[in-house]
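The values are calculated or read from the model by the stated rules, or taken from the named source; none is laboratory data. These numbers come from a predicted model, not from an experiment. Counting neighbours? That spans all protein chains shown, and the Cβs are built from the backbone with ideal geometry, glycine included. With ligands, DNA and RNA removed, areas are computed over all heavy atoms of the protein, side chains included. Shrake-Rupley method; radii C 1.70, N 1.55, O 1.52, S 1.80 Å.
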Amino acid sequence: GKLVPQDKSEGTAEELFNQIQLDRSKNAEGKKKKAKELTEITEKEIPFEIPKSWKWVRLGSCVSISSGDLLKVSEATEGEYLVYGGNGIAGRHSKYNAVKGTIVIGRVGALCGIAHITETNAWVTDNAFIVTYPEELLDKNFFAVLLNNLNLRKSHRGSAQPVISGLSVYPTPMPLPPLAEQKRIIKKVEVVMILINHLKQVLKN
């Protein structure tokens, strides 16, 4: 909450969270409910303080994740559309199964738990998760940065080949700011990243 100034006129994350729950309940009609209900976040789980207008929520209370589709390695060799797998871009394909720049999370592999935003159209393999969320209530670019700071990989199982699942990442606590502040934060992050990249180039030279 210290990256940009707080603005009371932007409302609260509590109000935003209620809107998210309403949106998800409407879209969940006729669909199966999650097998395991998420519990309230305890004080011991909270790693740092947040502004009063923010709210600690569990990841699974705001999003749903589902695996992409099977694609053989031999099929990811050519085509118009990028292929996203467990470790990010993994080739090209002639078809796509994700549109509008989708947030995907690596499900299996050395970089499992890392989030990416796909190109406008892309193919997501079954080694990655497609993230579904109320797009008008969570800023895509902010949310992708937030996911990468939640350290989702820590919940992986397996040693030789790390794997994460919905059941393992849904309980993860995450700090939720008001929507307008999300947009201001990502603008600030973009400015900072430009500066960091510039400094890297200077150091190389």
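Among the numbered conditions (1) farther than 20 Å from SER165 by Cα; (2) under 20 Å from the mean Cα position of the chain (by Cα), the only one that LYS44 does not meet is (2). Quick check, is ASN197 out of contact with any Asp or Glu (no Cβ under 9 Å at 6 or more places or on another chain) and under 17 Å from TRP56 (Cβ atoms)? In short, no. If I ask for residues that are assigned to a strand (DSSP E or B) and either open to solvent by 20 Å² or more (accessible area, probe 1.4 Å) or of a type in the set (Phe, Trp, Tyr) (or both), which ones from the range 109-118 would you list? Matches in the range 109-118: HIS116, ILE117. Every residue in the range 71-108 that is over 17 Å from the mean Cα position of the chain (by Cα) and within 30 Å of LYS154 (Cβ to Cβ), please. Once the filter is applied, which keeps residues that are over 17 Å from the mean Cα position of the chain (by Cα) and within 30 Å of LYS154 (Cβ to Cβ), the range 71-108 yields LEU71, VAL73, ALA76, LEU82, VAL83, ALA90, GLY91, ASN97. The set of residues in the range 123-154 that are in contact with a helix residue (DSSP H, G or I) (Cβ under 7 Å, 6 or more places away or on another chain) and in a helix (DSSP H, G or I) comprises ASN141, PHE142, VAL145, LEU152.
Scanning the range 89-146 for residues that are over 18 Å from GLY79 (Cβ atoms) and aromatic (Phe, Trp, Tyr) yields PHE129, TYR133, PHE142, PHE143. Checked against (1) within 28 Å of ALA76 (Cβ to Cβ); (2) in contact with a strand residue (DSSP E or B) (Cβ under 7 Å, 6 or more places away or on another chain); (3) part of a loop (DSSP other than H, G, I, E, B); (4) open to solvent by 30 Å² or more (accessible area, probe 1.4 Å), PRO171 meets all criteria but (1). Pairing each residue of the range 179-205 that is open to solvent by less than 90 Å² (accessible area, probe 1.4 Å) with any residue that is in a helix (DSSP H, G or I) and charged (D, E, K, R), provided the two are 6+ apart or on different chains, yields C-beta distances under 7 Å for ALA180/GLU10; GLU181/GLU10. How about the range 68-94: which of its residues are touching a Phe, Trp or Tyr at 6+ places or on another chain (Cβ under 6 Å) and either of a type in the set (Ser, Thr, Tyr) or under 19 Å from ASN148 (Cα atoms) (or both)? Within the range 68-94, just TYR81 meets the criteria.
How about the range 96-137: which of its residues are at positive phi and of a type in the set (D, E, K, R)?
Within the range 96-137, LYS100 is the sole residue that qualifies.
Would you please name the residue that is surrounded by the most Cβ atoms within 10 Å (Cβ to Cβ), looking only at residues in the range 119-146 that are within 10 Å of the chain's Cα centre (by Cα) and free of Cβ contacts under 8 Å to residues at least 40 places away in the same chain? This residue is LEU146.
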